[in-house]
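Asks: Got a structure here, written out as structure tokens. Questions coming.
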Amino acid sequence: MTPASGRSPDVPLIDLAAQRRHLGERIDSAVAAVLDHGHFILGPEVSLLEEKLAAATGAKHVVSCASGTDALLLALMALDIGRGDAVFVPAFTFPAPAEVVALLGATPVFVDVDESHALMDPASLEATIANLDGVTPRAVIAVDLYGHPADYEAIGALARAHDMTLIADAAQSFGAAWQGRRTGTLADITTTSFYPAKPLGCYGDGGAIFTDNDDLDATMRSLRVHGQETDRGFTGIGINGRLDTMQAAILLEKLAVFDDEHKTRQRVATRYGERLANVVAVPDTLADHTHAWACYTIRSPKRDAIKASLYEAGIAHAVYYRAALNREPVYAAYPTAPAGLPVAEQLAGTVLSLPIHPYLDEATQDLIIDRVMGAAA
Ligand SMILES: *Cc1c(COP(=O)(O)O)cnc(C)c1O
């Protein structure tokens, strides 16, 4: 978030410049190699990245694509979701999961989230499914908000009971895990984003889809290139949804340091938790889960005072998200949980994300902690 004065904050939310310094010449050489070989579209780095992402997550197939939004779109297109179909999405999220459903003419149905993790609430999902009228339940998109995996056990059981496909929107949770299983393997289809500020980010737009299903893999791979199949011509209505070779080359370098970065992010999160737990509600990690820490999001009734204090000190911060999605006029007409979305509405007034990244030194973190404590006490 940039202060209203237009000057950029002294302490960024995510320090991509520090990461670049740490990576040194490696990115430059990787980009230069692509410039030299000239295979800018679906070059060798793209398939190598897909292999490495599959190895890193344990997913059978990985289809790289142009963004996290295209990843969601391709997943829904492969499931042939359209008019008359309902897809359940959390009400407290970045709009992409609801947007792609609406774009295909299907109906996004908003489910409430739980207060302590802001993740899709299985009880609300169950009530919302039972209350559905006039549209066919087809899929659930659970969002791993801030980097914490959703409740895939409970949501998966509900999806199976109602013959729905479970999609994990893991745009914020690459590198997380549940019971030792990595993000990418926790749902029928998992999508992620390589937007620069995500846990694994490139230097532009990018995304990927993970699945163990051979048919879905083949369909999504074809839809990514206009529905083209190598020897059969055009067999589907697709999109141009490819990941650039240049971005794949950059991601290969960043993937090589990802596990180390993840450990450092975890250390920063633990330190925040130890120092701030007495003054604000701090995010925790459920047993058997690993958090990717895309965001470090506190909750406080004094949120606006903390915001003002951070702003004054030139410390970047963000409100993810300022309203439940059904409060945005374009989404207001879609169905919601029968009991409404009280938790999503409440969270919109209390959440605040603080800087977190692998290169945040302790002195800078102390500055942030002091500001939060001063304003929240
Ligand atoms: C960032 C994000 C997306 C979209 O990813 P893009 O690569 O920007 O298209 C989708 N869902 C969630 C939850 C996100 O945070």
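Asks: Look at residue 70 and say whether it is within 15 Å of the ligand (Cβ to nearest atom) and open to solvent by 20 Å² or more (accessible area, probe 1.4 Å).
Replies: yes
Asks: Just name the residue that is least open to solvent (accessible area, probe 1.4 Å) out of those in the range 204-222 that are out of contact with any Ser or Thr (no Cβ under 6 Å at 6 or more places or on another chain) and closer than 25 Å to residue 27 by Cα.
Replies: Looking at residues that are out of contact with any Ser or Thr (no Cβ under 6 Å at 6 or more places or on another chain) and closer than 25 Å to residue 27 by Cα, I get 206.
Asks: Kindly indicate whether any position in the range 104-123 is more than 24 Å from residue 346 (Cα to Cα) and among the polar types (S, T, N, Q).
Replies: Yes: one or more hits.
Asks: Would you mind telling me which numbered condition in (1) within 16 Å of the ligand (Cβ to nearest atom); (2) within 30 Å of residue 159 (Cβ to Cβ); (3) out of contact with any Gly (no Cβ under 9 Å at 6 or more places or on another chain); (4) open to solvent by 10 Å² or more (accessible area, probe 1.4 Å) residue 55 fails?
Replies: (1)
Asks: Identify, from the list 277, 287, 256, the residue that is open to solvent by less than 60 Å² (accessible area, probe 1.4 Å) and closer than 24 Å to residue 177 by Cβ.
Replies: Exactly one residue qualifies, and that residue is 277.
Asks: Please determine whether any residue of the range 107-114 is free of Cβ contacts under 8 Å to residues at least 60 places away in the same chain and either within 16 Å of the ligand (Cβ to nearest atom) or within 21 Å of the chain's Cα centre (by Cα) (or both).
Replies: Scanning the range 107-114, I find no residue that is free of Cβ contacts under 8 Å to residues at least 60 places away in the same chain and either within 16 Å of the ligand (Cβ to nearest atom) or within 21 Å of the chain's Cα centre (by Cα) (or both), so the answer is no.
Asks: Yes or no: residue 356 within 16 Å of residue 280 (Cβ to Cβ) and assigned to a loop (DSSP other than H, G, I, E, B)?
Replies: Yes; evaluated as a whole, the condition is true for this residue.
Asks: Any residue at all in the range 141-154 that's in contact (Cβ under 8 Å) with a residue 60 or more places away in the chain and away from the ligand (no atom under 16 Å from the Cβ)?
Replies: no
Asks: If I filter the range 274-289 for residues that are within 16 Å of the ligand (Cβ to nearest atom) and either touching a helix residue (DSSP H, G or I) at 6+ places or on another chain (Cβ under 9 Å) or on the phi > 0 side of the Ramachandran plot (or both), do I get at least one hit?
Replies: Yes.
Asks: Would you say residue 47 is polar (S, T, N, Q), closer than 18 Å to residue 208 by Cβ, at pLDDT 95 or above and assigned to a strand (DSSP E or B)?
Replies: No, not satisfied.
Asks: Moving on to the next point. When you go through 210, 194, 174, 234 one by one, which is the residue that is touching a Cys at 6+ places or on another chain (Cβ under 9 Å) and aromatic (Phe, Trp, Tyr)?
Replies: After ruling out the rest, the residue left standing is 194.
Asks: Could you grab me the full set of residues in the range 316-339 that are part of a helix (DSSP H, G or I) and among the aromatic types (Phe, Trp, Tyr)?
Replies: Within the range 316-339, just 331 meets the criteria.
Asks: Further question: Within the range 183-203, which residues are within 10 Å of the ligand (Cβ to nearest atom) and either over 10 Å from the mean Cα position of the chain (by Cα) or at positive phi (or both)?
Replies: Result: 196, 197, 201, 202.
Asks: Hey, among 282, 257, 268, which residue is of a type in the set (A, V, I, L, M, F, W, C) and either closer than 18 Å to residue 144 by Cβ or free of Cβ contacts under 8 Å to residues at least 60 places away in the same chain (or both)?
Replies: Among 282, 257, 268, only 282 is of a type in the set (A, V, I, L, M, F, W, C) and either closer than 18 Å to residue 144 by Cβ or free of Cβ contacts under 8 Å to residues at least 60 places away in the same chain (or both).
Asks: Please state which of the following conditions residue 119 fails to meet, knowing it meets all the rest: (1) farther than 21 Å from residue 297 by Cα; (2) without any contact (Cβ under 8 Å) to a residue 40 or more places away in the chain.
Replies: Failing condition for residue 119: (1).
Asks: Within the range 324-377, can you find the residues that are under 30 Å from residue 88 (Cβ atoms) and among the polar types (S, T, N, Q)?
Replies: 326, 336, 346, 350, 353
Asks: Follow-up. Among the residues of the range 296-315, is there at least one that is assigned to a loop (DSSP other than H, G, I, E, B) and of a type in the set (A, V, I, L, M)?
Replies: Yes, the range 296-315 has at least one match.
Asks: If I ask for residues that are in contact with a Ser or Thr (Cβ under 7 Å, 6 or more places away or on another chain), closer than 25 Å to residue 99 by Cβ and open to solvent by 40 Å² or more (accessible area, probe 1.4 Å), which ones from the range 296-334 would you list?
Replies: Of everything in the range 296-334, those that are in contact with a Ser or Thr (Cβ under 7 Å, 6 or more places away or on another chain), closer than 25 Å to residue 99 by Cβ and open to solvent by 40 Å² or more (accessible area, probe 1.4 Å) turn out to be 320, 334.
The values are calculated or read from the model by the stated rules, or taken from the named source; none is laboratory data. Remember, it's a predicted structure, so these values are computed and weren't measured experimentally. FYI the Cβ positions are ideal-geometry reconstructions off the backbone, even for glycines, and counts take in every protein chain you see. Protein only, heavy atoms only, side chains kept; ligands, DNA and RNA dropped before computing areas. Shrake-Rupley method; radii C 1.70, N 1.55, O 1.52, S 1.80 Å.
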